[in-house]
Amino acid sequence: MASTKTSNVVEARRRAREAKAALDAERAKRDAMIEEKTTAYYVAVGAIEDLQQQIAQAQAQADEAVRSLLEIGEPADRVATLTGLGTKEVRRIRRSGSPSRDAGSGAAPAEAPPSSVSSAG
């Protein structure tokens, strides 16, 4: 009778190990998918940050070009016509040395939490 009980316990342990192994395999697959998707997210966030930096640099160059037009004597209204900017924007660029066009409105800053970056766009 003891051997039957022992063999039942052995069989139960074997079945428990098999069930756990199946769950572990499913968990490993899911963990790999989570890692893959999370990696894709961070790669995309890095690309967004790179593009934001490029946009800021291009905007600074555009602002400098507007200031250059003003420096050679072009009036603000003519610069506005030449560039397609509004006269107010041209005057704002003249007054400031910083990038223009609502620098914070279209994109999240690089140090923003990932959730705000993913909602932009």
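At-a-glance table
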{"item": "Dimensionless Rg over Rh [region 24-96; C-alpha; Kirkwood]", "result": "1.47"}
{"item": "11 Å beta-carbon shell around Glu71, net charge (K/R +1, D/E -1)", "result": "0"}
{"item": "Lysines with Cα under 17 Å of Lys29, excluding same-chain neighbours fewer than 8 positions away", "result": "Lys20, Lys37"}
{"item": "Whole-Hz couplings from phi, Karplus 6.51/-1.76/1.60, listed for region 34-47; x for Gly and Pro", "result": "4, 4, 4, 5, 5, 4, 4, 4, 5, 5, 5, 4, x, 5"}
{"item": "Stretch gain in nm, segment Glu26-Arg91, where the contour uses 0.36 nm per residue and the Cα spacing is subtracted", "result": "17.2 nm"}
{"item": "Charge sum, other residues only, whose C-beta stays under 14 Å from Glu35's C-beta, Lys/Arg counted +1 and Asp/Glu -1", "result": "+2"}
{"item": "Segment Gln59-Thr38, extension gain: residue separation times 0.36 nm, minus the distance between their alpha carbons", "result": "4.4 nm"}
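Only the coordinates and a few stated rules stand behind these numbers; no lab work does. Just so we're clear, the structure is a prediction, and the values are computed from it rather than from any experiment. Here Cβ is always computed from backbone atoms with ideal geometry, including for glycine, and neighbour counts include all displayed protein chains.
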